[in-house]
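The values are calculated or read from the model by the stated rules, or taken from the named source; none is laboratory data. All of these numbers come straight from a predicted model, not from anything done at the bench. As a convention, Cβ positions derive from the backbone with ideal geometry for all residues, glycine included, and neighbour counts pool all protein chains shown.
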C-alpha cells in the first residue's frame with residue numbers, strides 16, 4: 001500500500017504536490033472556520049437569550065415599582081382625607097372616632113361584624129408592621145383599611161357600599177377610615193391598650209407640649 005502511494009508521489013511533480021497540500025490545508029481551514037461560525041451563532045443566540053431575560057426582569061421591576069407607587073398614592077389619599085380634610089364619617093381630632101353619620105354607615109354595612117369575621121388575617125397584617133404603641137396601631141389600622149375593605153367585603157357588597165356612599169354624597173375613601181377605627185379598637189383592646197393613650201405617643205402632640 002505504502003509502496004503504491006510512494007510511487008504516485010514520485011510520479012507527481014513538485015507543483016502538483018504543493019497544490020494538493022494547499023487544498024488539504026484549505027479544507028482544514030474551512031472546517032475549522034465552520035466550527036467557529038457555529039460557535040459564534042451559538043454565542044449570539046445565548047447572548048440574545050440573556051438580553052431577553054434582562055428585559056423580562058426589567059419589565060417585572062417596572063411593574064412592581066408602579067404597583068408600589070399606586071399603593072403609596074392610596075395611602076397618601078386616605079391620610080390626606082383623614083388628617084387634612086373635613087370628613088363626615090370620622091372626627092378629625094385625635095384619637096379619631098366615628099361621627100354619627102359614620103356610626104350609621106358602620107351599622108348599615110356591618111363593619112364591626114366583618115372585621116371580626118376576618119380578624120385573624122387582619123391581626124397578622126397589623127403585627128407584620130410591628131407596632132410599638134397605640135399611636136402606631138392607629139396609623140397602621142388606617143393605612144391597611146382600604147386593603148382590608150376589599151378583603152372582607154365581596155364585590156357585590158363593595159358595589160352596594162359605593163352606592164350608599166354616592167347616595168349620601170360621600171367619596172368611597174370616607175368609608176375606609178370606618179373600617180380602620182374598628183380594626184384599631186379591637187387590636188388595642190386585645191393588647192390592653194387604651195384609645196386615650198394614642199395622643200401620648202403622637203409626635204405632633206408631643207411637639208406642642
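Can you spot a residue in the stretch 142-149 that is surrounded by fewer than 21 Cβ atoms within 10 Å (Cβ to Cβ) and without any contact (Cβ under 8 Å) to a residue 12 or more places away in the chain? There is no residue in the stretch 142-149 that is surrounded by fewer than 21 Cβ atoms within 10 Å (Cβ to Cβ) and without any contact (Cβ under 8 Å) to a residue 12 or more places away in the chain.
Here are some residues: 54, 122, 65. Which one is assigned to a helix (DSSP H, G or I) and at pLDDT 90 or above?
From the options 54, 122, 65, the qualifying one is 122.
The number of residues in the stretch 125-141 that are outside any helix (DSSP H, G or I) and touching a residue at least 60 places away in the same chain (Cβ under 8 Å) comes to 1. Within the stretch 92-145, being closer than 23 Å to residue 201 by Cα and touching a strand residue (DSSP E or B) at 6+ places or on another chain (Cβ under 7 Å) holds for 96, 97, 98. Scanning the stretch 103-119 for residues that are over 14 Å from residue 183 (Cβ atoms) and assigned to a helix (DSSP H, G or I) gives 103, 104, 105, 107, 108.
Go through the stretch 159-191 and count every residue that is closer than 16 Å to residue 118 by Cα and either surrounded by 14 or more Cβ atoms within 10 Å (Cβ to Cβ) or touching a strand residue (DSSP E or B) at 6+ places or on another chain (Cβ under 6 Å) (or both).
Adding up the residues that qualify gives 11.
In the set (1) buried (at least 20 other Cβ atoms within 10 Å of the Cβ); (2) under 22 Å from the mean Cα position of the chain (by Cα), residue 123 fails one condition alone, (1).
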